[in-house]
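Asks: Next up is a structure, given as structure tokens.
The values are calculated or read from the model by the stated rules, or taken from the named source; none is laboratory data. Since the model is a prediction, treat every value here as computed from it, not as a measurement. Cβ coordinates were reconstructed from backbone atoms using ideal geometry, including for glycine residues, and neighbour counts include every protein chain displayed. These area figures cover heavy atoms from the full protein model, side chains too; ligands, DNA and RNA do not enter into them. Shrake-Rupley method; radii C 1.70, N 1.55, O 1.52, S 1.80 Å.
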Amino acid sequence: MIVPLRKLLSYLFLVPCFFFFCSCASTKKVVYFNNIQDSELPAGVENIEPLIQKNDLLSISVSSLNPEATKIFNTPNVTDSEAPDFSGRATSVSGYLVNSQGYIQFPILGNIKAVGLTKRQLKDNLTKSLTDRKLLVDPIINIRYLNYRVTVLGEVAHPTVVNAPNEKITLLEALGLAGDLTIYAKRSNVLIIREVDNKKVIKRINLNSTELFSSQYYYLQPNDIVYVEPDKAKVATASPVRQILPLIFSGLTVVVVAVDRLTR
């Protein structure tokens, strides 16, 4: 049985349409927190103060009743480093670098261990050392991170390194600053890589679930890496067969039209 050319042409038109609709993402898969309803969610975990790591850059300011005596303690050992701000522009910063042994070089006090401590613990140690050695009376010390940043990669609009000068950033804020997820992002399997005690800890987060708000990974920590995986639709569009199919169908359509006109 010979299929009429016009009917064959209609079949060829329906085939690419079939592939198009099969590749369309489900609405449920592209919506955040699709199981949430009007309710009051618990506040969740607090922003846990991160531990200082090797290669961290710290701003340490010292003040006391005698301003002249504090000048020597406000001389950073690393200057003119470049760090991106929220907009991605590089800004010049200076501070104390935590070396590969986990120490900072502090004026007069020498090597001070910093790695593995919180900012509060390092502040208490410096205050005690300055007081015990009678270098300052009632010193006031303020410590801040100069490299509090996270990296966002994968299926986001603008993969980037996000700097958080206020030392507090959530996963949702980081994704927003990276331009949000693309339509091809796998929202149920966002990967977070975090260094804890010199080990890489890997955690997978489901953005379709409200459990994110109670996760200890809701707040990101310095040097976290966020990777958003592509879904099957994105992988399919990148496959060689999927890229060639439209060309094949276009060519067949031209041939069928040409044969139809010649045989009329």
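Asks: Do me a favour and compute the ellipsoid semi-axes for segment 94-149 from its Cα gyration tensor, root of five times each eigenvalue, largest one first, whole Å.
Replies: Over the Cα atoms of segment 94-149, the semi-axes work out to 20, 13, 10 Å.
Asks: In addition: Heavy atoms only, probe 1.4 angstrom, no DNA, RNA or ligands counted: give me Leu122, Leu191, Leu65 ranked by accessible area, highest first.
Replies: Leu65, Leu191, Leu122
Asks: From the convex hull of the Cα coordinates of segment 94-210, what is the mean projected area in square nanometres?
Replies: Mean projected area of the Cα convex hull: 9.4 nm².
Asks: Using the structure shown, list the pairs from Lys71/Lys168; Lys119/Lys203; Lys113/Lys168; Lys71/Lys200; Lys54/Lys232 with a Cα-Cα distance above 32 Å, or answer none.
Replies: Lys71/Lys200; Lys54/Lys232
Asks: Same structure again: Once you place label points 7 Å from the Cα toward the Cβ at Lys232 and Thr131, how far apart are they in nm?
Replies: Taking the simple label geometry, Lys232 and Thr131 are separated by 6.3 nm.
Asks: Related question: Under a 1.4 angstrom probe, counting protein chains only, how are Thr182, Thr75, Thr70 ranked by accessible area, largest first?
Replies: Thr75, Thr182, Thr70
Asks: How would you rank 141-153, 193-205, 49-61, highest first, on the average number of other Cβ atoms within 10 Å across their residues?
Replies: Those peptides, ordered most packed to least, come out 141-153, 49-61, 193-205.
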